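Encoded as structure tokens, the structure appears first; notes follow it.
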Amino acid sequence: MSIIDLDVSSNQPFESDGLHIIFNGEIFNYLELRNELGNEYQFRTNSDTEVILQYYRKHGIAGFEKFNGMWAFVIYDSIRKKIIISRDRFSIKPLYIVENNGTILLSSEIKALKKCGLSLSPDVNSVERFLNQMLIDTSLSTFYNEIKIFPAMTAREIDLKTGKTTDQRYWNFSMPEMPAAYGDRKEVFRNLLLDSLKLRLRSDVPLGTLLSGGLDSSAITALIHDHINKDVQSFSVVSDERGYSEESFVDLLVKQKSIHNNKLLFRPEDALENIDRVLQIQDEPFGSLSVVAQYLLFEKIKKEANITVLLSGQGADEVLLGYHKYFFFYLQQLKKNHRYFKLGGQVFSSLLKGISVKQFTWKQAKRYLPGRTNRGRDYFTRSLQQDAIWQFDSITDRQIQDINHFQSRSWHTMKTVIRWSVT
């Protein structure tokens, strides 16, 4: 499905002077990259696909660091006799790989690989990891031994003349220099968020937002309305169960900003009726029924609204310490640094105000306590060995672990804003 440049001349597989590409995703800053190339190349389309090829032609794999987007692509370089495989920084776009006796199979879906006549066997360790701790995509393994996940922020070069394969990591986390004043830092973040939104709103098809009622999706929807497009449409999942619904926060924002909102009422029976279908689409188990709710919302949008792409706030909690668990990691960090007075003050303040400590349930908390496991699940597994998800060196280190392994990869997220294609 095309999002940028709907002309058939941009269709894939795409070829340009000996370079061939199959590309799933979008390069949001393709206009800036195209302008940077200047008149060096004669572009025949207005697509981001062609920009990828021409930027690779000039800069090679090193140029991928400049890409701001979500992608999984394969380039066949018939000039240098090489194949290049690349995936975005945060695993937003899925890419699975099978390597067997010199044969390489690639697909964005496991089900496609299963139709290639493979003899598949279950990866018992991955199954145990899911049953014991509900962990998915914490490594490059899938539920099948033969199918692996292609690594994020990586480009693989296959030399067809020698058969040599080389992996190059084109990007790593780095801490940017920030102003000392808190007010200035807020302004820097606000400007980055606005710039991020403007880039992701580049589209030749209609767009909307997913509005859950949380701070992240509310901020995105409000900023788009105030600064970019007042006619933005928003879509929300609500529930009759007050403990699980944020409908009141959705209503507050749409009323204050006069934003058009569409709601989907999600009931327990909806989950039961649709879980088999969603499992078939996902290819592997998932850790929350919110995936089913999101599927039903996408189905509603496809049928009832002229919207092709949606912006969402998933991924913000890892960047902005939005989960309750980060408060407990912060307390542990204070303990490690022997800052006991501040530690006591934080715990007392939290109890007094009724935040964090009271809101963090035992079911949530025990996941981050060494050696704790759900004894009711022991009969599913061979051992009680667990991934040490409670370990961390610093809050920043923990954020990076979550983005790389424990949170974002399962949702294919990217920093603060992502785009979902409704297909």
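The values are calculated or read from the model by the stated rules, or taken from the named source; none is laboratory data. What you see is a predicted model; the values in this text were computed from it and never measured. Using ideal geometry, Cβ is built from the backbone for each residue, glycine included, and neighbour counts are taken over all protein chains shown.
Only one of the numbered conditions (1) at negative phi; (2) modelled with pLDDT under 95; (3) of a type in the set (G, A, S); (4) crowded, with 18+ Cβ neighbours inside 10 Å is violated by A72, and that is (2). Residue count for the stretch 111-148, restricted to those that are crowded, with 18+ Cβ neighbours inside 10 Å and of a type in the set (A, V, I, L, M): 4. Condition check for T308 on (1) closer than 30 Å to H225 by Cβ; (2) touching a helix residue (DSSP H, G or I) at 6+ places or on another chain (Cβ under 7 Å); (3) surrounded by 16 or more Cβ atoms within 10 Å (Cβ to Cβ): one failure, at (2).
Just to confirm my filter: which strands (runs of 3 or more DSSP E) fall fully inside the stretch 128-220 and include at least 2 residues that are touching a residue at least 12 places away in the same chain (Cβ under 8 Å) and farther than 30 Å from D77 by Cβ?
Of the strands (runs of 3 or more DSSP E) lying wholly inside the stretch 128-220, those with at least 2 residues that are touching a residue at least 12 places away in the same chain (Cβ under 8 Å) and farther than 30 Å from D77 by Cβ span 207-210.
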